[in-house]
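Colleague: Encoded as structure tokens, here's the structure I'll be asking about.
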Amino acid sequence: MAIRGSCHCKKTVFEVTEAPETVTACTCSYCSKSGALWAYYKPDQFKLVTPQEDVATYKWRTFTVKHHFCANCGCSTYGESPDWSTGEPDFDNPQIGVNARLFDDFDLDSVEVVVIDGKNLW
């Protein structure tokens, strides 16, 4: 069942193909400041519903991860990155990290939160 998410002003809207089994709280400098809980998907499981021009992008340090946010209200919406599950970037397996706090009509408290030590990993 598809789930829709949106930023605060509703100018950025996206859909994912299914509910996440877990969400990730990362302690890196970016994630800890944004407060996002990330649900990860393959690119074909994600759809940006609104025009790309309504989305702004921030790339930090290595420029490996594209952090997207609403150009109007500033909510951190989704990111594009290689798979990092092994601790190293796997560029052959890109992933989309969606800010699960933005899911509409979804009980986020029903999903396990996994904490990763991004502060010390990268």
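Colleague: Take the Cα of Cys73, step 7 Å along the line toward its Cβ, and report every residue of the range 14-54 whose backbone nitrogen sits under 12 Å from that point.
Modeller: 14
Colleague: Would you mind checking the range 58-89 for residues with the amide N under 17 Å from a putative spin-label position 7 Å along Cα→C-beta of Asn120?
Modeller: Flagged as within label range: 87-88.
Colleague: Hey, another quick one. For the residue pair Asp92 and Glu53, what label-to-label distance in nm results when each label sits 7 Å from Cα along the Cα-to-beta-carbon direction?
Modeller: 3.9
Colleague: Same structure again: Quick one: go through the range 25-43 and flag any residue whose amide nitrogen is under 11 Å from the point 7 Å out along the Cα-to-Cβ line of Val113.
Modeller: Within reach of a label on Val113: 25-26, 35-38.
Colleague: If you take the square roots of the eigenvalues of the alpha-carbon gyration tensor of the chain and sort them as a ≥ b ≥ c, do you get rounded (a/c under 1.5), prolate (a/b over b/c) or oblate?
Modeller: Verdict is rounded for the chain.
Colleague: Still on this structure, please answer the following. For the chain, calculate the relative contact order in percent as a whole number, restricting contacts to Cα pairs under 8 Å that are 6 or more residues apart.
Modeller: For the chain, the relative contact order is 33 percent.
A short reminder: the numbers here are calculations on the coordinates, not readings from a lab. All figures in this text were calculated on a predicted structure; none of them were measured in a lab. Don't worry about glycine lacking a Cβ; one is built from the backbone with ideal geometry, like all the others, and counts go over all protein chains shown.
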